[in-house]
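Novice: Take this structure first; my questions come after.
The values are calculated or read from the model by the stated rules, or taken from the named source; none is laboratory data. Predicted model only: the values in this text are computed from it and were never measured. Neighbour counts are summed over all protein chains in view; Cβ atoms, including those assigned to glycine, are modelled from backbone coordinates with ideal geometry.
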Amino acid sequence: MIMRNYFFAITICAALLLFFQSAPLFPSSDELPHSLSVNKVTELLKKRISSAGRPSKIIVRGEKLHASSMIADFYRGKGFEPVWVQDKNYQVLASELISAINNAYLEGLAPAHYHLEQINLALDQAVGGVTGASFSGIETLADLEMLLTDAYLMLSCHYSEGCESSLSMEPEWLKNVGNADLMSLLQKSSRERRIKEALNELLPSSEEYSRLRDALARHRLIEKEGGWPKVSNGPLLRSGSQGIRVAELKKRLSISGDLNTAMGLNGAVFNNELKDAVIRFQKRHGLRVDGIVGPGTLNALNIPASSRIRQIELNLARLRWIRVESIKRYIMVNIAGFSLDVIENGGIVMSMKAIVGKPYWNTPVLNEKMTHIVLNPSWNIPESIAAEEILPKLRVNRDYLKKQNINIFKRGSDNDKISPDSIDWPEASEDNFNYLLKQEPGPLNPLGQIKFVFPNSFNVYIHDTPYKSAFNSEMRNLSHGCIRIEHAEKLAEYLLKGDTGWPLEKIKEVLSIGKEKTVLLKEPIDVIVIYMTSWVDKEGEVQFRNDIYGRDSRLDNYLRAK
């Protein structure tokens, strides 16, 4: 009897030993009530975040969490309790975010950037109760929780004014970058089960954004169907031209919608319909409008659809950085488009050509308030221009200053005028030239008759110009950084129209006198200076422009690296 009890006890002990040896450290979430699983996930989140250091660098399943520091702060603030797997029907909430991530493709964003593959894998494992040597059900839930949070925060960040991207790529953009409380938004939208709706509400609601997004879809369809063919190199194509290159041109323009296919693609003769199509294409690409396919037009024709798609995607990102929906009235300058528009209640009330900075004198991206106008402005010539452009001329021609109506002052004092003869010009250099050059108002002043001031750290402003012929050029990156406009008097009249003391007749009278006069605006107006190389105009035409400063390339490289 004693021996039988002894062997029975040995058998029970052995069975218990085998059971405990085979049990995982973290049991499968299916083996626990969900409330206990949530507690275990909370413990694991706390452990992972506490060991991630400061600033936090969290890696989940081999992927770095982009918003690691934000995630750490978020979970610390809520006692490390999970958001996504709190409810036992967590797969419904997760699937909603997965759907939103897939829809990011429509906004020109890459779903893969938001951990899509790993989220799907973790969700399948968690729902299926899969465990193994490398992970447990609790670890899978913790992985899923953190991946979903990072994906949500990054997607909401990119939807709400671009967050870090705008500051990283355009350091001049210092104001009005979105400051949405993304962590509170995550908490609220998950609690209310409004994941997709909350994310979509962050996107711009402007027509400009919607039109460009639609253009992206159309160009992606073109690429899916094979894109457009190249037009072979050769002599100019113009009215009367014939041959295979004309046939290539017809097909190319019909696919992009510039040539009405109802006109027929048969025949290889450059007719009036084809000329009209070329003109339409040239207008859409900011080219010389002559209906002739020369080198510039041919180069634009042969840019592949895939490149145009990426160009649209980059400019959608830029539109997410600025929000104009709530601004009733503003001035919009597009650097790459060489244009200035005045927008009121969502509609363009005035448009004109603009001249912007040379490639080595970039016009900065800005968002400021215009506060005043200067009629008959004088020009305090910047030190760099004085040293690099004017000093060499003075060494050759002592009368240059007199002919240009430029006076010299001791730097720091506009009242202490100096005679040009008192300066040893051959010895003058950028290092020892401690003088201010000031060009007085007049027909030679490069600021023209009117200057529009919106104070900023770059000392950039909008102004008139006496050199009107420059507006006939297609490539108008010709200035030292400031913005010259085609119709300065019309803009001044518009800005002062609500001021009964400044009718057009008085503006003209002051301009004719030639004396400098500063006029404060009763209603300051927003000035938004942007860099857009693609947009859709109010007629629905997709516009493309050259990347004159290489900013598309830099933004593309940055976003791909991220």
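Novice: Among the listed residues Lys522, Lys508, identify the single one that is assigned to a helix (DSSP H, G or I), assigned by TED's automatic domain parsing to the domain that holds Ser351 and farther than 22 Å from Leu366 by Cβ.
Specialist: Of Lys522, Lys508, the one residue that is assigned to a helix (DSSP H, G or I), assigned by TED's automatic domain parsing to the domain that holds Ser351 and farther than 22 Å from Leu366 by Cβ is Lys508.
Novice: Find the helices (runs of 4 or more DSSP H) located wholly in segment 181-287 whose residues include 3 or more that are at pLDDT below 95, over 20 Å from Gly540 (Cα atoms) and of a type in the set (A, V, I, L, M), and list them.
Specialist: Because the criterion is at least 3 residues that are at pLDDT below 95, over 20 Å from Gly540 (Cα atoms) and of a type in the set (A, V, I, L, M), the helices (runs of 4 or more DSSP H) in segment 181-287 that meet it are 182-191, 195-200.
Novice: Quick check on Ala354: is it part of a strand (DSSP E or B) and either more than 17 Å from the chain's Cα centre (by Cα) or surrounded by 17 or more Cβ atoms within 10 Å (Cβ to Cβ) (or both)?
Specialist: Values: part of a strand (DSSP E or B): yes; either more than 17 Å from the chain's Cα centre (by Cα) or surrounded by 17 or more Cβ atoms within 10 Å (Cβ to Cβ) (or both): yes.
Considered against the rule, which asks whether it is part of a strand (DSSP E or B) and either more than 17 Å from the chain's Cα centre (by Cα) or surrounded by 17 or more Cβ atoms within 10 Å (Cβ to Cβ) (or both), Ala354 comes out as yes.
Novice: Report the residue count in segment 297-309 for those that are assigned to a helix (DSSP H, G or I) and either crowded, with 18+ Cβ neighbours inside 10 Å or touching a residue at least 12 places away in the same chain (Cβ under 8 Å) (or both).
Specialist: 8
Novice: I need the full set of residues from segment 394-419 which are free of Cβ contacts under 8 Å to residues at least 24 places away in the same chain, assigned to a helix (DSSP H, G or I) and surrounded by 13 or more Cβ atoms within 10 Å (Cβ to Cβ), in order please.
Specialist: Once the filter is applied, which keeps residues that are free of Cβ contacts under 8 Å to residues at least 24 places away in the same chain, assigned to a helix (DSSP H, G or I) and surrounded by 13 or more Cβ atoms within 10 Å (Cβ to Cβ), segment 394-419 yields only Tyr400.
Novice: I'm told Tyr435 meets every condition in (1) hydroxyl-bearing (Ser, Thr, Tyr); (2) surrounded by 14 or more Cβ atoms within 10 Å (Cβ to Cβ); (3) under 37 Å from the mean Cα position of the chain (by Cα) except one. Can you identify the failing condition by its number?
Specialist: (3)
Novice: Six or more apart or on different chains, Cβ atoms under 8 Å: show the pairs whose first residue is in segment 453-476 and over 16 Å from Asn334 (Cα atoms) and whose second is loosely packed, with under 12 Cβ neighbours inside 10 Å and at pLDDT below 95.
Specialist: Pro466/Pro443
Novice: Could you check Ala142 against (1) at pLDDT 90 or above; (2) within 34 Å of the chain's Cα centre (by Cα); (3) of a type in the set (A, V, I, L, M) and say which number it fails?
Specialist: (2)
Novice: Right, something else. Based on this model, can you work out whether Val60 counts as more than 23 Å from Tyr159 (Cβ to Cβ), in contact (Cβ under 8 Å) with a residue 24 or more places away in the chain and surrounded by 15 or more Cβ atoms within 10 Å (Cβ to Cβ)?
Specialist: On the way: more than 23 Å from Tyr159 (Cβ to Cβ): no; in contact (Cβ under 8 Å) with a residue 24 or more places away in the chain: yes; surrounded by 15 or more Cβ atoms within 10 Å (Cβ to Cβ): yes.
No: the conditions fail for Val60.
Novice: Here is a follow-up. Which one of these does Val529 not meet: (1) assigned to a strand (DSSP E or B); (2) touching a helix residue (DSSP H, G or I) at 6+ places or on another chain (Cβ under 9 Å)?
Specialist: Just one mismatch for Val529, condition (2).
Novice: For His372, work out the one condition from (1) in contact with a Ser or Thr (Cβ under 7 Å, 6 or more places away or on another chain); (2) farther than 30 Å from Val324 by Cβ it doesn't fulfil.
Specialist: Failed condition: (2).
Novice: Does Leu366 satisfy being more than 20 Å from His463 (Cβ to Cβ) and either of a type in the set (Lys, Arg) or surrounded by 14 or more Cβ atoms within 10 Å (Cβ to Cβ) (or both)?
Specialist: No, not satisfied.
Novice: Of all residues in segment 69-84, how many are within 31 Å of the chain's Cα centre (by Cα) and surrounded by fewer than 21 Cβ atoms within 10 Å (Cβ to Cβ)?
Specialist: 4
Novice: Just checking, how many residues over segment 480-508 are at pLDDT below 95 and under 15 Å from Ile355 (Cα atoms)?
Specialist: Matching residues across segment 480-508 total 2.
Novice: Looking only at segment 369-391, count how many residues are at pLDDT below 95 and either under 21 Å from the mean Cα position of the chain (by Cα) or outside any strand (DSSP E or B) (or both).
Specialist: Number of matching residues: 12.
Novice: Would you check if there is a residue in segment 69-83 being at pLDDT below 90, closer than 19 Å to Leu121 by Cβ and either of a type outside the set (Ser, Thr, Tyr) or part of a helix (DSSP H, G or I) (or both)?
Specialist: no
Novice: Could you please find all residues in segment 85-106 being buried (at least 20 other Cβ atoms within 10 Å of the Cβ) and farther than 19 Å from Glu63 by Cα?
Specialist: Answer for segment 85-106, where residues must be buried (at least 20 other Cβ atoms within 10 Å of the Cβ) and farther than 19 Å from Glu63 by Cα: Val85, Tyr90, Ala100, Ala104.
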